[in-house]
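Asks: Please see the structure below; I have some questions.
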Amino acid sequence: MKKFQIGVMGSAADLKYSKKIENIAKKLGEEIAKNDCILVYGAEKDSSSLSTVAAKAAKRMNGFTVGVTYGKGMDIWERNYADVIIASGMERGGGRELALVNSCDGIIAISGGSGTLTEILIAYQLNIPIVVIKGTGGWADQVADKFLDSRKRLKVIGVSEYSGAVKRMIREIKKKTNEK
């Protein structure tokens with residue numbers, strides 16, 4: 001059976017997230033690994049992010065991670081936490097997000113700034129399930145339990161716990177792919 005590829009999207013370090021939010025990202029990464037899913041994330045070249053924190057945690061649990069980075073080359077922040085690095089050749093804040101999201105069966109967002117919003121919107125356009133962790137701030141809180149436009153393609157699912165986020169995402173992916 002194919003392993004589900006779950007993207008973790010979230011704030012970059014320059015948004016100065018709290019240790020509490022960082023711990024949620026860590027627990028989310030662990031939970032993705034425990035559920036034998038592949039964690040896909042936006043691998044940064046210059047600093048950490050909530051996505052990187054989740055990838056590190058997944059690796060500590062012997063999980064499998066794929067980092068999609070911008071630009072040329074595979075030099076990323078904390079390279080040893082990615083089993084596979086995809087150098088998109090695209091700019092940060094540009095096409096990298098499309099390659100990243102399109103490589104996921106579903107995405108889970110924690111907090112998030114403009115990059116996370118871009119990734120959420122791309123997932124919406126591609127009909128890729130979106131789960132956000134409520135109470136983490138940023139765009140995750142702003143889009144929780146909402147449709148993103150009047151077409152009502154799919155509702156962004158808001159959950160309160162990291163463990164609930166992974167379980168709900170797996171259910172949504174199975175529903176979309178008609179798996180049991």
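Nothing in this text is a laboratory measurement; each read-out follows from the coordinates by a stated rule. Note that this is a predicted model, so its numbers are computed, not measured. Using ideal geometry, Cβ is built from the backbone for each residue, glycine included, and neighbour counts are taken over all protein chains shown.
Asks: Which residue, chosen from ASN102, ALA13, SER88, occupies the Cα position most advanced towards the positive end of the dipole of region 5-175, where the dipole is computed from +1 (Lys, Arg) and -1 (Asp, Glu) charges on Cβ about the Cα centre?
Replies: After comparing all options, I get ASN102.
Asks: Less than 12 Å Cβ to Cβ from ILE130, Lys/Arg counted +1 and Asp/Glu -1: what total charge do the surrounding residues give?
Replies: On the way: positive: LYS146, ARG153, LYS155, ARG168, LYS176; negative: ASP105, GLU119, ASP145, GLU172.
Combined, the nearby Lys, Arg, Asp and Glu give +1.
Asks: Can you give the helix-only mean residue ellipticity at 222 nm for the chain, where every DSSP H stretch with n ≥ 4 adds -39500 (n - 2.57) and the sum goes over all residues, rounded to the nearest 500 deg cm²/dmol?
Replies: Details: 6 runs with 68 residues, N = 180.
Result for the chain, helices only: -11500 deg cm²/dmol.
Asks: Express the relative contact order of the chain as a whole percentage, based on alpha carbon pairs under 8 Å and six or more residues apart in sequence. Walk me through the intermediate numbers first.
Replies: Numbers: 414 pairs, mean separation 37.4, N = 180.
Computed value for the chain: 21 percent relative contact order.
Asks: Could you give the dipole magnitude of the chain about its Cα centre, charging the beta-carbon of Lys and Arg +1 and that of Asp and Glu -1, in debye to the nearest 20? Please list the in-between numbers first.
Replies: Working: 29 positive and 20 negative charges, 121 e Å.
Dipole magnitude for the chain comes out near 580 debye.
Asks: Using just the Cα positions, wrap region 5-175 in a convex hull and report its mean projected area in square nanometres, one decimal place. Intermediate values should be presented prior to the final figure.
Replies: Working: hull surface 33.4 nm².
The number I arrive at for region 5-175 is 8.3 nm².
Asks: Before anything else, pin down the relative contact order of region 104-171: Cα pairs under 8 Å, at least 6 apart, normalised by residue count, whole percent.
Replies: Values: 124 pairs, mean separation 22.4, N = 68.
Computed value for region 104-171: 33 percent relative contact order.
Asks: Right, something else. Arrange the following residues from fewest to most other Cβ atoms within 10 Å of their Cβ: MET169, MET90. List each step's numbers first, then the result.
Replies: Details: MET169 27, MET90 18.
Final ranking by Cβ density, sparse to dense: MET90, MET169.
Asks: Can you compute the label reach from GLN125? Point 7 Å from Cα along the Cβ direction, backbone N cut-off under 11 Å, restricted to region 36-63.
Replies: none
Asks: Answer with one residue from ALA57, MET74, ALA144: the one whose Cα lies farthest towards the positive end of the charge dipole of the chain, charges on Cβ with Lys, Arg +1 and Asp, Glu -1.
Replies: Result: ALA144.
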